[in-house]
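Every number here is computed from the coordinates shown, using simple stated rules; none is lab data. Everything numeric in this text was worked out from a predicted model, so none of it was measured.
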Amino acid sequence: MKQSFKLVYSGMMCALSLLVMFLSSLIPTAEYAIPAIAGIFLVAIVVEAGFKSAVLGYVVVSILSALIVPNKQAVIAFIVFLGFYPILKGRFEMFNNKIKEWTAKIITFNICIVFGYYLLVTVVGINNVLNTFDNIYLILLAGLLVANVVFVIYDFALSRVISLYILNIRKKLIKK
C-alpha cells in the first residue's frame, strides 16, 4: 500500500476519533463509551498503516482532545486507557499463550485504572465527592472488581469489532 494512502487514511481516522471525542461534551452521560468508540478508529490505523503510525495517531488525538474537548473526564479515560489499549491489544495477543496474554492485559488495565483514578482526583477534583463516603476503600475495591469484569467484556467486544473491520468494513472502504 502506498505511503501517501497510509498517511491520509491515518489522518482521517484520527479526525474521526477526535470528532467522536468531542461528542463527549454533547453527551456527558457517555464519558466512557465515547472514548472507547474513539479508540476503535485507531485500530484501523494499526491494520492499514502499522503500530508506529497508530501510536502517533493516539498521541495526536490525545493532545488535541486535551486541548479542545471540554469533558476532561472523557479525555482522561481516552488518554489513560481507552485510546491506547486497542493499539496494544494485538501486541498482547502475540504471546500465543492465553495465561500470559490475559495476565498482561489485566495488569495493564489495573495500572491504568489506578493512574486514571489518581488523575481524576488531582485534575478533575472528584476527591471532595469521594470523601463523603464512609467506606471509600471498600467502594473503590468493589468498583475495581466491577471494572475488571467490564474490561473483559470490552476486550471480547473489541475483538469482534476488529474482526468486523478486517473481514467486512475494510473491503468496502479500501478498494485496491
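Summary table
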| item | result |
| --- | --- |
| Candidates 35, 70, 86: whichever shows maximal mean-square fluctuation once the chain is modelled as a Gaussian network with Cα springs under 10 Å | 70 |
| Of the DSSP H helices in the chain, those whose Cα atoms cover at least 27 Å axially and whose Kyte score averages 1.0 or more | 3-23, 136-164 |
| Debye log10 I(q)/I(0) at q = 0.09, 0.13 Å⁻¹ for the chain, Cα point scatterers | -0.34, -0.69 |
